[in-house]
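The structure under discussion appears below in the form of C-alpha cells.
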Amino acid sequence: MKPCIVVAGPPGSGKSTVGPLLAKELGVSFRDSDDDIVTREGRSIADIFTTDGEAAFREIEANVIAEALLEHDGVLSVGGGAVLAPATQERLRAHTVVFLNVGFAAGVQRVGLSTARPLLAGVNPRATYRSLLDARLPVYRSVATIEVGTDDRTPEQIVAAIVAEMTKELEKTQ
C-alpha cells in the first residue's frame, strides 16, 4: 500500500490547503506528516525546534514520513523541509510526488513570515525565505513527478492542474 500522491513544497505553497482538496477530488483520505509529528510528540513543531533543535526535528520527521509512506494510501502532505533528508528523498522516488512551486512574492504573502514557522523566525525572515526557496528548489524538482505552479491560482485551480498532469502521466504509461 502506498499513497497515490505525495504533496511537497516550501512554506506557503499550499500543501495544507491543496492536499485535502486533492484527496477529496480523488476520493481518498488525506494525511499530513506535520500533524502526525504533533500527535506523536505531544507538542508543536515550533516547540520541538526550540527545545530539541532542527536536527532532532528532521529525524522525527523522516521516521514519521517513512511510516506514512508504508501505511497510508491516500494523499500525503509532507513538511516543507522534509525533502532535505536523503533517506526521505530515496523513499519518495517510489511514489508520485507533486511539487507545489510558489514564487517568492506569493510565498511571502501567504506565510506572512510569522514566528509560528521556526525556520522563518529571526532577524530577516524575507532573506531567510528567499535563501530557503533557492536552496530547496533543485531538491523539490529532483523528487517531483509533477510540478504545478501555485502563484495566481486558487486552491481549486491548483487541484485541477494536478489532476490534469496526473491524467497526462497515466496516458504516457498506457
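Quick notes
- Here Val98 meets each of (1) within 13 Å of the chain's Cα centre (by Cα); (2) modelled with pLDDT of 95 or more; (3) open to solvent by 50 Å² or more (accessible area, probe 1.4 Å) with one exception, condition (3).
- Checking the stated criteria, Thr39 turns out not to satisfy the condition of being closer than 28 Å to Asp151 by Cα, open to solvent by 20 Å² or more (accessible area, probe 1.4 Å), out of contact with any Asp or Glu (no Cβ under 9 Å at 6 or more places or on another chain) and not basic (Lys, Arg).
- Pairs where the first residue, in region 46-64, is within 15 Å of Arg91 (Cβ to Cβ) and the second is hydroxyl-bearing (Ser, Thr, Tyr), C-beta under 7 Å, 6+ apart: Glu61/Ser33; Ala62/Thr88; Val64/Ser33
- Selection within region 145-160 - open to solvent by 30 Å² or more (accessible area, probe 1.4 Å), in contact (Cβ under 8 Å) with a residue 12 or more places away in the chain and on the phi < 0 side of the Ramachandran plot: Thr145, Glu147, Gly149, Asp151, Pro155, Glu156
The values are calculated or read from the model by the stated rules, or taken from the named source; none is laboratory data. All figures in this text were calculated on a predicted structure; none of them were measured in a lab. So basically every Cβ, Gly included, is an ideal-geometry build from the backbone, and we count neighbours across all protein chains shown. Ligands, DNA and RNA are stripped out before the accessible areas are found, and what is left, the full protein with its side chains, is counted by its heavy atoms. Shrake-Rupley method; radii C 1.70, N 1.55, O 1.52, S 1.80 Å.
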